[in-house]
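Reviewing the structure listed below.
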Amino acid sequence: MAQLSAQGRMRLMALQLLLWHSALWSGQEAIPLLTVSSLPPSLPLPRSFLLKSLEQVRKLQARNTDLLEQLCATYKLCHPEELVLFGHSLGIPKASLSSCSSQALQQTKCLSQLHSGLFLYQGLLQALAGISSELAPTLDMLHLDVDNFATTIWQQMESLGVAPTVQPTQSTMPIFTSAFQRRAGGVLVTSYLQSFLETAHHALHHLA
C-alpha cells in the first residue's frame, strides 16, 4: 500500500506540474500587451466639439463637391477611377482612417488619424496651387476649411492630453509638371478627400 501511495503521490505531482505548465501558457495568451482596446474606456467627447466638427465636415463636403463639379464641367475630368493609375505614378497618397471605422472605432487613435489625414490634405491642396484662375478661389477656401478643421481636432487632442509634443511635419508632396497633371491631381485629391470626409462624418456620429 505504501508503494501504491508513493506512486499516487508521484502521479499527482506530475499532474499538478502539467496543469501549472498549461495554465502558464494559457495565461500568456490571455494577457496581451497593453493596447488601446485594453485601456479603460475613453471619456465622452464634449458635445460642443462634436457639433462644431460635424458642421465643419458638412461645410468641407459641400466645398469639395463644388470643386469636383467645376473640374468636371471645365476640363471634362469627371471619372476619378479612370485616373487612379495616373495618381500612383504621381505619388498621390490617401489618408487612412482605419481606427475610425464603426467596427474598430478607437477614440484617441481616430482623432490622431483625423488630424494626420487633414494635415496630409493640407499639403496636397497646397501642391495644387496654380491649378487655374477659375478654380483658385474655391481651392483656396477648401484649403482654409481643411486648416480650420485640423485646428479643431488638434485643440481637442490637446484638451485630452493626447496631442504629440511636436506638431507633425509635412511629408514630400507630389510635383505636378504640367497643367493636365495638376488638374488630374486635383480630381484625385478631392475624390480622396471626399471619401475621407464621409468616414470622418460617420465616425463623429458614432463618437457623439
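The values are calculated or read from the model by the stated rules, or taken from the named source; none is laboratory data. All figures in this text were calculated on a predicted structure; none of them were measured in a lab. Glycine also receives a Cβ, built like all others from the backbone with ideal geometry; neighbour counts cover every protein chain displayed. Note: areas computed on protein heavy atoms with side chains; ligands, DNA, RNA excluded. Shrake-Rupley method; radii C 1.70, N 1.55, O 1.52, S 1.80 Å.
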What number of residues within the stretch 64-98 are within 22 Å of the chain's Cα centre (by Cα), more than 20 Å from Phe176 (Cα to Cα) and free of Cβ contacts under 8 Å to residues at least 60 places away in the same chain? 2
I want to confirm something. Restricting to the stretch 132-163 and keeping residues that are open to solvent by less than 20 Å² (accessible area, probe 1.4 Å), in a helix (DSSP H, G or I) and aliphatic (A, V, I, L, M), which single residue is nearest to Val187 (Cα to Cα)? Leu139
Among the residues of the stretch 63-88, count how many are assigned to a helix (DSSP H, G or I), farther than 12 Å from Leu135 by Cα and at pLDDT 90 or above. 1
May I ask you to list the residues in the stretch 170-187 that are of a type in the set (S, T, N, Q) and either in a helix (DSSP H, G or I) or buried (at least 20 other Cβ atoms within 10 Å of the Cβ) (or both)? Gln181
Could you grab the pairs with beta carbons closer than 6 Å, sequence gap of 6+ or different chains, first residue in the stretch 106-123 and closer than 18 Å to Ser191 by Cβ and free of Cβ contacts under 8 Å to residues at least 12 places away in the same chain, second one surrounded by fewer than 19 Cβ atoms within 10 Å (Cβ to Cβ) and not β-branched (Val, Ile, Thr)? none
Among residues of the stretch 99-122 being over 8 Å from the mean Cα position of the chain (by Cα) and among the hydrophobic types (A, V, I, L, M, F, W, C), the residue surrounded by the fewest Cβ atoms within 10 Å (Cβ to Cβ) is Ala104
Residues of the stretch 151-202 being aromatic (Phe, Trp, Tyr) and either in contact (Cβ under 8 Å) with a residue 40 or more places away in the chain or touching a Cys at 6+ places or on another chain (Cβ under 6 Å) (or both), which ones? Phe176, Tyr192, Phe196
From the residues in the stretch 43-62 that are open to solvent by 30 Å² or more (accessible area, probe 1.4 Å), of a type in the set (A, V, I, L, M, F, W, C) and modelled with pLDDT of 95 or more, which one is farthest from His143 (Cα to Cα)? Leu51
Counted residues in the stretch 76-91 being within 18 Å of Gln194 (Cα to Cα) and of a type in the set (A, V, I, L, M, F, W, C) come to 4
Quick check on my filter: what residues within the stretch 188-208 are among the small types (Gly, Ala, Ser) and either open to solvent by less than 60 Å² (accessible area, probe 1.4 Å) or in a helix (DSSP H, G or I) (or both)? Ser191, Ser195, Ala200, Ala203
